[in-house]
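Trainee: To start, I am sharing the structure in question, which I have written as structure tokens.
The values are calculated or read from the model by the stated rules, or taken from the named source; none is laboratory data. Everything numeric in this text was worked out from a predicted model, so none of it was measured. Reconstructed Cβ throughout: ideal geometry from the backbone, glycine too, with neighbour counts over all protein chains shown. With ligands, DNA and RNA removed, areas are computed over all heavy atoms of the protein, side chains included. Shrake-Rupley method; radii C 1.70, N 1.55, O 1.52, S 1.80 Å.
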Amino acid sequence: MNFKRIVIKVGSALVSPDGKGCSGKYLLSIARFINACHEQGKEVILVSSGSVAAGRGLIAHGSANPSIASKQAMAAVGQMQMMANWQRFFDFPCSQLLITHGDLKDRPRYLNIKNTLRVLLENRVLPIINENDTVATQELKVGDNDNLAALVAMVSDADCLYILSDVNGVYNKDPNRYDDATLLPQIETIDASVYAMAGGTSNKIATGGMKTKIQAAEKACEHGIQTYILNGRNSEVFSALLQGHNPGTCFVAKQLPMKAKKHWLKHTLKSHGVVVIDAGAVNALKTKGASLLASGIVGVDGQFAKGESVSIVHGESQEVLAKGICQYSHQELQKIQGKGSNEIETILGYCPSKEIIHRDDLVLVSAI
Ligand code: GLU
């Protein structure tokens with residue numbers, strides 16, 4: 001297990017195996033695994049499905065195919081049950097984040113999610129994420145939590161994604177129909193032949209099937225996030241993982257995540273403006289691996305919105321030192337430049353982040 005930050009996606013078939021309320025049956029071994037990760041200093045984010053299944057028995061619906069409003073009501077009541085079910089396995093606090101595709105596409109909201117996750121992880125709180133089913137209309141929905149988990153892995157800069165379900169992984173042919181089907185331990189490239197091996201879901205509780213899992217793996221691998229499909233019903237899977245084995249299917253990530261991100265920051269992301277800093281801040285960025293704070297900023301050039309990328313320039317030498325994603329707009333920065341982090345709230349009336357550019361979102365130009 002050579003990851004530092006992992007997103008673990010748990011499917012409805014594990015949270016609510018019979019589709020009628022929550023069960024601890026399969027969650028215990030998952031929770032033990034999460035505890036073991038914490039003990040090893042690893043950071044875990046959980047994406048948990050199952051709110052609709054957990055709430056199904058609590059909303060009268062009278063048909064095999066409930067209306068959207070009924071399903072949304074099931075999600076609303078089931079989400080509470082599901083969170084309570086998870087929390088009882090942990091001595092540390094759990095937190096709930098309900099998000100939609102619309103939230104991830106909107107830059108300020110995307111940044112808020114990223115910042116919230118960062119602070120939760122710094123405080124050793126377990127973030128548990130689900131789609132906000134009660135507000136998400138079709139066009140705002142990710143639709144399935146496999147793809148949502150891949151997006152969460154991207155926004156949180158995770159380096160690994162586990163998709164836990166009731167299947168062992170990807171087989172070369174349908175294992176329900178062919179006795180000689182074999183599990184593929186590793187997939188290097190995701191192409192049409194890989195999708196062809198995956199049918200839809202045969203499980204009545206789950207939303208996605210193998211197809212959405214492969215889509216998720218494709219997204220994540222493109223961003224340097226190693227992805228595994230694993231059977232969360234089998235507790236031996238977790239012992240194998242802890243011993244460094246791969247008991248499922250591993251999709252090989254394209255590049256190391258930091259390398260990919262630095263490359264993306266440096267080469268792909270266009271600079272929308274310039275933040276000029278003093279010698280103290282230059283030193284902090286270059287030698288201490290620090291984030292950029294308002295106190296070191298002596299000037300702001302150009303127009304940029306919160307969440308856009310900017311170049312960081314040393315005022316005296318005019319040297320371009322770094323590039324990074326700025327947490328504040330140019331108008332906001334003009335008001336808080338040179339000030340202490342604790343003054344931001346008083347000046348602007350809000351302080352979404354004490355760091356102007358967080359170290360994780362910053363790349364030294366000379367370092368690449
Ligand atoms: N958000 C849905 C739920 O909690 C699950 C979507 C999925 O299973 O992929 O019930």
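Trainee: Distance cut-off 27 Å, Cα to Cα: go down the list 4/213; 4/173; 9/354; 114/141; 25/71 and report the pairs above it.
Mentor: Numbers: 4/213 22 Å; 4/173 33 Å; 9/354 31 Å; 114/141 19 Å; 25/71 24 Å.
Over 27 Å apart, Cα to Cα: 4/173; 9/354.
Trainee: Taking a quarter of the surface of the convex hull around the Cα atoms of the range 307-365, what do you get in nm²?
Mentor: The number I arrive at for the range 307-365 is 4.2 nm².
Trainee: Moving on. Expressed in nm to one decimal, what extension gain is obtained for the pair residue 283 and residue 18 from 0.36 nm per residue of sequence separation less their Cα-Cα distance? Don't jump to the answer; show the numbers that get you there.
Mentor: On the way: separation 265, 0.36 × 265 = 95.40 nm, distance 5.84 nm.
Result: 89.6 nm gained on full extension.
Trainee: Also: Taking R0 as 41 Å, what's the FRET efficiency between residue 181 and residue 290 from their Cβ-Cβ distance, rounded to 0.05?
Mentor: Numbers: r = 53 Å, r/R0 = 1.28.
Once rounded, the FRET efficiency stands at 0.20.
Trainee: So, with a 1.4 angstrom probe, what is the percent of accessible area on the chain that is carbon and sulfur?
Mentor: 50
Trainee: List the residues, sorted by chain then number, that are 5 or more residues from residue 306 or on another chain and whose placed amide H is less than 5 Å from its amide H.
Mentor: Sorted by chain and number, the residues that satisfy this are 329.
Trainee: Quick one: give the max-minus-min coordinate of the C-alpha atoms of the range 268-368 along each principal axis, largest first, in Å.
Mentor: Dimensions of the range 268-368 along the principal axes of its Cα atoms: 37, 27, 24 Å.
Trainee: Another question about this same structure. What's the local net charge at residue 314, with K and R +1, D and E -1, over the other residues with C-beta under 10 Å away? Each step should come with its number before you reach the end.
Mentor: On the way: positive: 286; negative: 278, 316, 319.
Neighbourhood net charge equals -2.
Trainee: A follow-up question, please. Ranking request for peptides 292-300, 5-13: highest mean number of other beta-carbon atoms within 10 Å first, then the rest in descending order.
Mentor: Working: 292-300: 21.2, 5-13: 26.1.
The packing order, highest mean first, is 5-13, 292-300.
Trainee: Apply 1/(1 + (r/R0)^6) to the Cβ-Cβ distance of residue 60 and residue 105, taking R0 = 30 Å, and write down the FRET efficiency to the nearest 0.05. Don't skip to the answer; put the middle values down first.
Mentor: On the way: r = 35 Å, r/R0 = 1.17.
About 0.30, to the nearest 0.05.
Trainee: How long is the gain from residue 67 to residue 252 if the chain were fully straight, where each residue apart is worth 0.36 nm and the alpha carbon distance is subtracted? Walk me through the numbers before you get to the answer.
Mentor: Numbers: separation 185, 0.36 × 185 = 66.60 nm, distance 3.97 nm.
Contour length minus Cα-Cα distance gives 62.6 nm.
Trainee: What does the accessible area of residue 195 come to, in Å² to the nearest 10, when a probe of 1.4 Å is used?
Mentor: Result for residue 195: roughly 60 Å² accessible.
Trainee: Suppose R0 equals 45 Å; then what is the FRET efficiency for residue 80 and residue 192 from their Cβ-Cβ distance, rounded to the nearest 0.05? Don't jump to the answer; show the numbers that get you there.
Mentor: Working: r = 42 Å, r/R0 = 0.93.
Efficiency, from the Cβ-Cβ distance: 0.60.
Trainee: Which order do the peptides 124-137, 213-226 come out in when sorted by mean C-beta neighbours inside 10 angstrom, highest first? Provide the component values of the computation, followed by the final result.
Mentor: On the way: 124-137: 18.9, 213-226: 23.4.
Going from most to least packed, we get 213-226, 124-137.
Trainee: Additional query: I'd like the per residue volume of the convex hull spanned by the Cα atoms of the range 121-241, given in cubic angstrom. Display every interim value, and only then the final one.
Mentor: Numbers: hull volume 17.6 nm³, N = 121.
With only Cα atoms used, the range 121-241 gives 145 Å³ per residue.
Trainee: Could I ask something else about it? Please report the accessible area of residue 233 (heavy atoms, 1.4 Å probe, ligands and nucleic acids excluded) in Å², nearest 10.
Mentor: Accessible area of residue 233: about 90 Å².
Trainee: Under a 1.4 Å probe, what is the accessible area of the chain per residue, stated in Å²? Let's see the in-between values first.
Mentor: Numbers: 16810 Å² over 368 residues.
For the chain, the per-residue accessible area is 46 Å².
Trainee: Now for a different question. Which value, in Å to one decimal place, does the Kirkwood hydrodynamic radius take for the range 65-166 when every pair of different Cα atoms is included?
Mentor: Details: mean 1/r = 0.0681 Å⁻¹.
Result for the range 65-166, one decimal place: 14.7 Å.
Trainee: Could you give me the radius of gyration and the Dmax of the range 1-62, taking only the C-alpha atoms into account and expressing both in angstrom?
Mentor: Calculated on Cα positions, Rg and Dmax stand at 14.2, 48 Å.
Trainee: While we're on this one: Stick to the Cα atoms of the chain, pair each with every other, and give me the Kirkwood hydrodynamic radius in Å at one decimal.
Mentor: Computed over the chain, the radius equals 22.0 Å.
Trainee: Using 0.36 nm per residue, how much length does the chain from residue 345 to residue 122 gain when fully extended, once their Cα-Cα distance is taken away?
Mentor: Values: separation 223, 0.36 × 223 = 80.28 nm, distance 2.12 nm.
Gain on extension, residue 345 to residue 122, equals 78.2 nm.
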